[in-house]
Amino acid sequence: TFCINSETEKSTRLKFTLRKNDPELNLGKRAELALKSVFLAKIYTYNFRLLLPENYASDRSFEILAQWHGLPDFDLGETWRSPPLALRTADGGFWLERNWDSRQVTLNRDRQQELINLGAYTTGKWVDWQFQVRWSAQADGLIKVWQNGRLAWSHRGANTYNDRRGPY
């Protein structure tokens, strides 16, 4: 179940299921929801629950469970880049990936990146996630991540690309 709450949007509840035998789409297997881009400088809260099935296999390659994408300024020569924020699994754990840059034009190779280990995942149990984010390419950005009601990580500072529109 995925829920999004902000100051301007009502809570929405959806269920996504991704199966091993689902067809590939855009170089991967996907079950996605895309929302409109957000306003910068506002705080958004994203709540969702994830269930990794009992037979979920540990893998050295990562799998993205949730991601927020930046919207490039194509007229300035930007192209699609790694998402500013993503929750993923790899090597038996939950990982947070963040990518950012305060420059006016960012190419994927120029971005700054950080990977944060959020600990081992468990299978067969629901995990509640809450992300509180003030999207900004400057020092006033904020990310707080709760896992099952416990603050797992927080950061103040740049957390997205310097685009005209906020992440979606």
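Of the two radii for the chain, the radius of gyration is 0.95 times the Kirkwood radius, both from the alpha carbons; that is the Rg over Rh value. Note on the chain: with a GNM built from Cα contacts shorter than 10 Å, the maximum mean-square fluctuation among THR106, THR17, THR79 falls on THR17. Measuring between their Cα centroids, the range 116-158 and the range 57-74 lie 15 Å from each other. Restricting to DSSP loop positions (anything but H, G, I, E, B) with no more than 16 other Cβ atoms inside 10 Å of their own Cβ, which trypsin sites (Lys or Arg not before Pro) remain in the range 52-105? Those satisfying the criteria are ARG60, ARG103. When you restrict to C-alpha pairs under 8 Å that are six or more residues apart and normalise by the size of the chain, the relative contact order lands at 24 percent.
For the range 77-167, the alpha-carbon coordinates run over 44, 25, 17 Å along the three principal axes, in decreasing order. By DSSP, what percent of the beta bridges with both residues in the chain are antiparallel, rounded to the nearest 5? DSSP beta bridges in the chain are roughly 100 percent antiparallel. If only the Cβ of Lys and Arg carry +1 and only the Cβ of Asp and Glu carry -1, the dipole of the range 85-168 around its Cα centre is close to 160 debye.
The value for the range 29-99 of Rg(Cα) / (2.2 N^0.38 Å) is 1.31.
Where a number appears in this text, it was derived from the coordinates with a stated rule and is not lab data. As the structure is a prediction and not an experimental result, all values here were calculated from the model. Virtual Cβ from ideal backbone geometry, glycine too; neighbours counted across all protein chains shown.
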